[in-house]
Amino acid sequence: MNFKIERDVPFSVVPRGRKPMYFPFDRMDVGDSFLIQCDPNNKKEIENWRRKLSVSKRRCLLEAEEANDEMGDFKTAKVAGGLRVWRVK
């Protein structure tokens, strides 16, 4: 098999996987909350949202550490209409 070598072809990376979710953690004060609208009785959907929140929070924590900011602590609870996220610290 022969391969043709080419020069000056720009390198580009096509993003793979899902686009990350961003939540407003960095704009929240203690006592603030937001609602993720979903079916609170659907355990799979609730766990999927909690996993997305966890990944996003981890990313925000890393960015806050780099900027010497404090992130705070967040809690979730199933409520009527979905999953609510509070900043508690």
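Just so it is clear, none of the values below were taken in a lab; they were calculated from the coordinates. Every value quoted in this text rests on a predicted model; they were computed, and no experiment measured them. Backbone-built Cβ (ideal geometry, glycine too); neighbour counts: all protein chains shown.
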(request) Calculate how large, on average over all directions, the projected area of the Cα convex hull of region 30-87 is; give the answer in nm² to one decimal. (result) 3.9
(message) As a footprinting exposure proxy, order 54, 33, 12 by other Cβ within 10 Å, with the fewest listed first.
(response) 12, 54, 33
(request) Could you list 30, 85 in order of exposure, starting from the residue whose Cβ has the fewest other Cβ atoms within 10 Å? (result) 30, 85
(message) Checking the cross-link filter: which lysines have an alpha carbon closer than 26 Å to that of residue 75, excluding same-chain neighbours under 8 positions apart?
(response) 19, 43, 44, 52, 57, 89
(message) For a quick check: sort 61, 35, 83, 53 by the number of other beta carbons within 10 angstrom, fewest at the front.
(response) 35, 61, 53, 83
